[in-house]
Amino acid sequence: MKKKQIPVLIILSIVTFLAVIYLTGLLYFSSHFLPGTTLNGTEVSFMNREETQDLLDLMPVKLVVDEKDKDGNDTISEELELHDMDGIDLHYVAQKIDHYQDAATWFLSLLNQKQLLCDKCEGSYSKDVLEKSISHLYCLQEENQRVPEAAHIAFEENELKIIDASDGSLISKEKVLQLISEALDKALSGETLSAIDLRSSYEKSPDSNRNELESQFSVLQKILNKKITISISENKTESLEGNPLKELLALKDNTFIVDDTKLESYANRIVDQYSISSSEYIKKGPLKDALRKALLSETDTSVECGWAKEAGTRSSNLIEVSYSEQMLYYYENGELIFSSPVVTGNEDTEIIAYGTYYVQHMKRNATLVSSTYEEHVDYWIGFDFESGGHILGFHDAQWRDAFGGDIWRTDPSHGCVNMPTDKVAMLYEAVDIGTEIHIHE
């Protein structure tokens with residue numbers, strides 16, 4: 001029996017039909033985008049060049065900007081959109097985009113999607129307007145900028161560390177504007193508009209000498225690891241070492257300095273703890289000077305406490321206050337060092353402190369409290385006024401605008417001697433517990 005054969009005419013019809021479909025697709029997609037095609041992320045399937053250009057005219061020109069993260073380690077990629085505005089007129093150009101696809105294999109596009117990128121642009125821009133447009137970039141936000149640091153020594157939690165150099169994440173707005181302008185200028189001259197990499201243009205860390213740093217580190221470790229022996233008296237000593245010693249130091253420019261506020265507190269503690277009376281006490285000024293020198297020494301050191309005795313006799317240092325003049329005078333060895341206008345109490349305050357006294361209390365950042373007021377003062381130099389149980393002193397009075405003259409008659413103190421802050425600061429540095437005070441009419 002004979003096999004059935006497909007008529008030649010049917011085969012030719014099918015081939016012809018397929019050829020017509022293919023040629024129609026070839027002709028159509030020679031001027032139109034293939035199905036499943038996007039351009040710069042926007043669907044352009046079946047669109048011709050004119051339609052595509054109209055679409056591109058509505059798209060903002062986008063620049064990919066590569067930046068450092070705020071720690072300076074990783075990369076942040078950000079899109080900068082340059083919308084049409086007064087001063088910026090930039091558009092993508094659709095020419096040659098159809099070369100990005102093969103019309104001869106158009107039928108394969110039914111299975112595969114195509115993502116195209118237009119990277120040619122034309123137009124113009126103003127640098128002033130561009131500068132405003134880039135101001136929101138990640139790298140130009142203050143919270144994302146870290147200043148480059150040279151390798152340095154840090155003193156944290158009473159421990160020394162060498163911190164390696166860091167380039168940080170700092171780049172100037174001027175540099176960003178320059179690099180973006182250069183990229184746009186190249187694109188407008190016909191080159192491809194490519195991503196802009198800012199990372200190599202960030203500021204670099206300053207140069208540092210590692211060997212010199214390690215040598216400084218060794219010296220600083222010796223300062224921290226030493227022991228200071230404070231000779232209180234013939235049979236009594238106190239040691240200063242470890243964390244108590246470290247807490248009196250601060251690091252500045254890879255060198256130790258003494259923290260004067262903490263040294264003042266430490267010296268006050270020694271004076272208050274070991275002084276015997278107002279007539280026999282440790283001199284704070286010489287103690288602070290000796291401690292300051294010892295704290296910066298690289299070797300174990302001894303400090304001798306200097307004692308003042310018989311403070312009840314006239315000393316070489318003297319504070320004199322005149323009620324009638326409303327003036328304070330400070331003398332050392334009979335020589336006037338400085339003077340200051342003051343405000344004292346008067347008869348109405350029922351506290352007139354005429355007589356000879358001696359400095360008994362010294363304190364920074366004190367609070368004066370009574371039944372009628374509570375005032376903070378930066379400096380307090382107290383002396384006992386036994387009549388009536390009052391404790392009087394010299395202190396700043398920042399609530400006053402003026403001192404001296406007749407102020408004390410109409411706006412007196414509560415009995416203390418009010419002084420300008422800068423003058424009482426000088427007095428505080430000059431005197432010690434036991435300094436003589438003479439107050440007269």
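The values are calculated or read from the model by the stated rules, or taken from the named source; none is laboratory data. Treat the numbers as computed from the prediction; the structure is a model and nothing was measured. Methodologically, a virtual Cβ is constructed for each residue, glycine included, from the backbone with ideal geometry; neighbour enumeration extends over all protein chains shown.
With respect to being modelled with pLDDT of 80 or more and either within 25 Å of Leu193 (Cα to Cα) or crowded, with 16+ Cβ neighbours inside 10 Å (or both), Leu117 falls outside the description.
Kindly evaluate Lys252 against the criterion of being surrounded by fewer than 16 Cβ atoms within 10 Å (Cβ to Cβ), at pLDDT 85 or above and farther than 26 Å from Tyr379 by Cα. For Lys252, the condition - surrounded by fewer than 16 Cβ atoms within 10 Å (Cβ to Cβ), at pLDDT 85 or above and farther than 26 Å from Tyr379 by Cα - is met.
Being crowded, with 17+ Cβ neighbours inside 10 Å, modelled with pLDDT of 90 or more, in contact with a Ser or Thr (Cβ under 9 Å, 6 or more places away or on another chain) and not in a strand (DSSP E or B), is that true of even one residue in the stretch 266-285? The answer is no; no qualifying residue exists. Looking at the stretch 370-378, is at least one residue in contact with a strand residue (DSSP E or B) (Cβ under 9 Å, 6 or more places away or on another chain), of a type outside the set (Ser, Thr, Tyr), crowded, with 17+ Cβ neighbours inside 10 Å and modelled with pLDDT of 90 or more? Among the residues of the stretch 370-378, at least one is in contact with a strand residue (DSSP E or B) (Cβ under 9 Å, 6 or more places away or on another chain), of a type outside the set (Ser, Thr, Tyr), crowded, with 17+ Cβ neighbours inside 10 Å and modelled with pLDDT of 90 or more, which makes the answer yes. When every residue of the stretch 189-205 is checked against the conditions, none turns out to be outside any loop (DSSP other than H, G, I, E, B), under 19 Å from the mean Cα position of the chain (by Cα) and among the hydrophobic types (A, V, I, L, M, F, W, C).
Residues in the stretch 397-407 include none that are in the same structural domain as Gly355 (by TED's automatic domain parsing) and crowded, with 21+ Cβ neighbours inside 10 Å. Given the options Leu213, Leu224, Leu184, Leu220, name the one that is under 19 Å from Ile88 (Cβ atoms) and part of a helix (DSSP H, G or I). Leu184 is the lone residue from the list that is under 19 Å from Ile88 (Cβ atoms) and part of a helix (DSSP H, G or I). Close contacts from the stretch 23-48, counting a first residue that is touching a residue at least 24 places away in the same chain (Cβ under 8 Å) and aromatic (Phe, Trp, Tyr) and a second that is in a loop (DSSP other than H, G, I, E, B) and surrounded by fewer than 14 Cβ atoms within 10 Å (Cβ to Cβ), with Cβ to Cβ under 8 Å and a gap of 6+ residues or different chains, come to Phe33/Phe46. Scanning the stretch 309-336 for residues that are outside any strand (DSSP E or B) and at pLDDT below 70 yields a count of 6. Got a sec? Which strands (runs of 3 or more DSSP E) wholly within the stretch 19-86 have at least 1 residues that are among the β-branched types (Val, Ile, Thr) and modelled with pLDDT of 85 or more? Because the criterion is at least 1 residues that are among the β-branched types (Val, Ile, Thr) and modelled with pLDDT of 85 or more, the strands (runs of 3 or more DSSP E) in the stretch 19-86 that meet it are 61-68, 75-82. Against the definition (assigned by TED's automatic domain parsing to the domain that holds Ser231 and under 24 Å from the mean Cα position of the chain (by Cα)), how does Lys283 come out, yes or no? The answer is no for Lys283. Only residues that are surrounded by fewer than 17 Cβ atoms within 10 Å (Cβ to Cβ), part of a helix (DSSP H, G or I) and out of contact with any strand residue (DSSP E or B) (no Cβ under 8 Å at 6 or more places or on another chain) were counted in the stretch 255-264, giving 2.
Every residue, every condition in (1) within 16 Å of Glu320 (Cα to Cα); (2) touching an Asp or Glu at 6+ places or on another chain (Cβ under 8 Å); (3) of a type in the set (Lys, Arg); (4) in a helix (DSSP H, G or I), yes or no:
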{"position": "Phe403", "(1), (2), (3), (4)": "no, no, no, no"}
{"position": "Trp408", "(1), (2), (3), (4)": "no, no, no, yes"}
{"position": "Tyr428", "(1), (2), (3), (4)": "yes, no, no, yes"}
{"position": "Gly434", "(1), (2), (3), (4)": "yes, no, no, no"}
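On inspection, Asp185 passes the criterion of being more than 25 Å from Gly72 (Cβ to Cβ) and in the same structural domain as Leu82 (by TED's automatic domain parsing).
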